[in-house]
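Have a look at the structure below before the remarks.
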Amino acid sequence: MSMSDNDEWSLPEERSEAGEATQADGDAARVDGEAAWMSVVAPPVHRVPNAADAMVFLLLLGMGLVAMVAVIGVGLKLHWFGWRDPAKLLTDTRVALGSQLGIYVVALVAAVPIYRTMWGRGLMEGLQWRPRVAMRLAKRLVLVAVGCDVMAAVGNALLPFPQHAPIDRMFTTAGDAWMLFAFGVTAAPFFEEMIFRGFLVPTLATAWEWARERVTGQESRGVDAEGFPVWGTGAMIFAALGASVPFALMHGAQVSHAWGPLSLLYGVSLVLCAVRLRTRSLAASMVVHASYNFLLFAAMFVQSGGFRHLERLQ
């Protein structure tokens, strides 16, 4: 019996239901095909960290600042540690370092659960911490830091540096010098790298790519296998140049905003950005930063006779 004979023996209701099912299947297939085509043409790209992520961390740093101001205010009110004169606290190295560390810690503690919720992954993972990369390249990273210190020495000899910069007044006692040493090779590199190379560099690179896509109409570069954004050369150059400006200016008050040391800090930041972008590891740039600071403080240690003759650093 042929296919037409089977149709002849089918009831009208059965033939109608079969036709409707076939049409429904065809419509569903057409919708699925359109959805698949649309997903290929314009796939959703969620690139982090982006500007919103950086703003959130900036707000958390502001929250930490408010918390530290409140702590100092209460301390003055209750005369903690003999605090009575607010003017003296402004020049107290221990208070300055403790306050800065407190701001960072408050922001970090708040950031850990917030970004896990926002990104669906840990904070350091989302910032591409990647410590194994830094460990594998440790020797090369230290050599990069040595190169930065050589550049600093040459810059110190050739560029105009202030004779009595505000940072010199922080080296008033051996205890202050040791605290600055410890802070400069641990907390400062970690948190500064997190802020500038962890959040700001990816934000600027992603902003460049976003603008490029809309101006040129080109498709997004998308993300890599681990879900991190892919940036072009232009985006990385823009991010390094842009992120190095606030990094240098952040240290401006310490060097009386003199253009010589600010230019040097800008150059060091460019190197740190290049390491971060080349290795795609925030831990790698942190190792260079910490090693660079360590070598600077080690030179001060030798020059001052183990921090016993701090007047030699003036």
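What are the residue pairs meeting all of these: first residue in region 245-257, first residue within 18 Å of Val201 (Cβ to Cβ), second residue acidic (Asp, Glu) and surrounded by 14 or more Cβ atoms within 10 Å (Cβ to Cβ), Cβ atoms under 9 Å, and 6 or more apart or on different chains?
Every condition considered, the pairs that remain are Phe247/Glu192; Met250/Glu192.
What helices (runs of 4 or more DSSP H) completely inside region 58-144 contain at least 2 residues that are among the hydrophobic types (A, V, I, L, M, F, W, C) and surrounded by 13 or more Cβ atoms within 10 Å (Cβ to Cβ)?
Helices (runs of 4 or more DSSP H) meeting the threshold: 93-119, 123-126, 131-136.
Name the one entry in Glu226, Glu311 that is within 24 Å of Leu204 (Cβ to Cβ), among the acidic types (Asp, Glu) and without any contact (Cβ under 8 Å) to a residue 60 or more places away in the chain. Outline the logic, then answer.
On the way: Glu311 fails: within 24 Å of Leu204 (Cβ to Cβ).
The conditions single out Glu226.
If His257 passes every condition in (1) on the phi > 0 side of the Ramachandran plot; (2) assigned to a helix (DSSP H, G or I) but one, which one does it miss?
His257 satisfies all of (1) on the phi > 0 side of the Ramachandran plot; (2) assigned to a helix (DSSP H, G or I) except (2).
For region 145-165, how many residues meet the condition of being among the small types (Gly, Ala, Ser) and modelled with pLDDT of 95 or more? It would help to see each step written out before you state the result.
Taking region 145-165 as the starting set, the residues that turn out to be among the small types (Gly, Ala, Ser) are 145, 147, 152-153, 155, 157, 165.
Still in the list and also modelled with pLDDT of 95 or more: 145, 147.
Counting residues in region 145-165 that are among the small types (Gly, Ala, Ser) and modelled with pLDDT of 95 or more gives 2.
Of all residues in region 145-178 being surrounded by 14 or more Cβ atoms within 10 Å (Cβ to Cβ) and charged (D, E, K, R), which is nearest to the chain's Cα centre (by Cα)?
So the residue we want is Asp149.
Out of Leu204, Leu200, Leu249, which single residue is within 14 Å of the chain's Cα centre (by Cα), within 30 Å of Asp168 (Cβ to Cβ) and not polar (S, T, N, Q)?
Numbers: Leu204 fails: within 30 Å of Asp168 (Cβ to Cβ); Leu249 fails: within 14 Å of the chain's Cα centre (by Cα).
The unique qualifying residue is Leu200.
Among the numbered criteria (1) free of Cβ contacts under 8 Å to residues at least 24 places away in the same chain; (2) closer than 18 Å to Ala174 by Cα; (3) part of a helix (DSSP H, G or I), which single criterion is violated by Gly305?
Result: Gly305 fails condition (3) only.
The values are calculated or read from the model by the stated rules, or taken from the named source; none is laboratory data. Here the structure is a predicted model, which means the values were calculated and not measured. Ideal geometry is used to build each Cβ from the backbone, glycine not excepted, and the neighbour counts take in all protein chains shown.
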